[in-house]
Amino acid sequence: MSRTGELVQWNNKGGYGFVRDGTGNDFYVHISKLAEGEPRPKPGDQLRFDIATGRNGRPAAINIVVTAVAPVPERSMRDVRRLSDGVPRYQIGLRTTAATMLTLLILLAIATDRAPLWLGTIYTLMGLASALLYRFDKLYALNDRWRVSEANLHVVDFCFGIIGGLIAQEIYRHKTVKPRFVAVTWALALIHVLGLAMLALGWVSIALP
C-alpha cells in the first residue's frame with residue numbers, strides 16, 4: 001500500500017534524504033528509487049511511495065512519485081548580500097566615485113552660474129527613476145520574472161539618470177558583470193562627465209533666465 005509524506009531532508013549532491021509520512025515516521029529516500037521521469041525532489045515536496053527493506057535492513061522508500069512541489073519562497077533585496085562572483089571590489093567602487101564626480105560637477109556648474117538650477121533637478125529626478133528601474137530589474141531577476149530591457153536602462157541613464165544608475169548598480173550589485181552592458185554604462189558616464197566638466201569650466205554654457 002502506497003504512503004504519502006513530505007521530504008524533510010535532502011542532500012542534493014549525494015541524491016538521498018528522508019521522507020516523513022503522516023504518522024511521523026521517516027524513511028530513507030535515494031534518487032535511484034524515483035519513478036521514471038520524476039524530477040529531482042527538494043525539501044518540502046510531497047511524495048507518494050512504497051515501502052521496502054533497505055540495504056541496512058531498515059524500511060526505505062521506493063517507487064517514489066512527486067505529487068506536489070514545494071512553493072519557491074519569494075526572494076527580496078535582502079538576499080543580495082555579497083558581490084557577484086568574479087567582480088573585483090575596485091570595479092564596484094569606481095561607480096560610487098564616478099557618481100560623486102558627476103554630482104560635484106553639477107553643483108560646481110550651478111554654484112558658478114554656468115548652469116541653471118533646473119539641470120540639477122532633472123539629474124535628481126531622472127537619477128531616482130533610473131535607480132528604481134535597476135531595483136525592479138534586480139527583483140525580477142531574483143524571482144525569474146519579466147525583466148526591464150537593457151536598452152531601457154541605458155536610455156534612462158543617458159537621459160540624465162546616470163548618477164542614479166551608477167549608484168544602483170553598486171547598491172544592488174546588478175549589471176556589473178556583462179562586458180557589453182558595463183562598457184555602454186561607462187561610455188554614458190564619460191559623456192556626462194565631459195559635458196558637465198565643460199559647463200563647470202565655462203567652455204560651454206546654458207542660457208540662464
Legend entry - Nearest-ten-degree value, helix 89-111 long axis tilted from longest Cα axis of the chain: 30 degrees
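Which whole-number percent is the relative contact order of region 3-68 (Cα, under 8 Å, 6+ apart)? Could the numbers behind the result be given before it?
Working: 137 pairs, mean separation 22.0, N = 66.
This gives 33 percent for region 3-68.
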Legend entry - Where the Cα pairs of region 3-68 fall when distances are cut into 5 Å bins, in %: 4, 20, 35, 28, 11, 2
Legend entry - Computed Rg/Rh of the chain, alpha carbon atoms with Kirkwood Rh: 1.30
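Check each of the trypsin sites (Lys or Arg not before Pro) in region 116-147 and keep only those in coil by DSSP with at most 16 other C-beta atoms within 10 angstrom; list them in order.
Values: sites: R135, K138, R145, R147; in loops: R145, R147.
Answer in residue order: R145, R147.
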Legend entry - Charge dipole (the chain, unit charges on Cβ, about Cα centre) - positive-most of G24, L102, G37: G24
Legend entry - Charge sum, other residues only, whose C-beta stays under 13 Å from F27's C-beta, Lys/Arg counted +1 and Asp/Glu -1: +1
Legend entry - Excluding exposed DSSP-loop chymotrypsin sites (Phe, Trp or Tyr not before Pro) (at most 11 other C-beta within 10 Å), longest clean stretch of the chain: 1-145
Inset, instruction - Note down, for region 77-200, the three equivalent ellipsoid semi-axes (square root of 5 times each alpha carbon gyration tensor eigenvalue), biggest first, whole angstrom. - result: 27, 15, 12
Legend entry - Nearest 10 degrees, 0 to 90: helix 179-200 Cα axis against the chain principal axis: 20 degrees
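Express the relative contact order of the chain as a whole percentage, based on alpha carbon pairs under 8 Å and six or more residues apart in sequence. The partial results should precede the final answer.
On the way: 307 pairs, mean separation 36.6, N = 209.
Worked out over the chain, it gives 18 percent.
What is the total of Lys pairs in the chain with C-alpha atoms under 17 Å apart, excluding same-chain pairs fewer than 8 positions apart? Intermediate values should be presented prior to the final figure.
On the way: K13/K33; K13/K42; K33/K42; K138/K175; K138/K178.
Within the chain, the lysine pair count is 5.
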Inset, instruction - Return one number: the angle in degrees, 0 to 90 and rounded to the nearest 10, between the long axis of the Cα atoms of helix 117-142 and the longest principal axis of the Cα atoms of the chain. - result: 10 degrees
Inset, instruction - Using per-residue counts of other Cβ atoms within 10 Å, averaged over each peptide, order 52-60, 162-170 from highest down. - result: 162-170, 52-60
Legend entry - Part-to-part distance (alpha-carbon centres) for region 1-74 and region 153-209, which is given in Å: 53 Å
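Laboratory data are not the source of any read-out in this text; all were calculated from the coordinates shown. Note that the structure is a prediction, hence the values are computed from the model and not measured. Note that we place each Cβ from the backbone using ideal geometry, even for glycine, and neighbour counts take in every protein chain shown.
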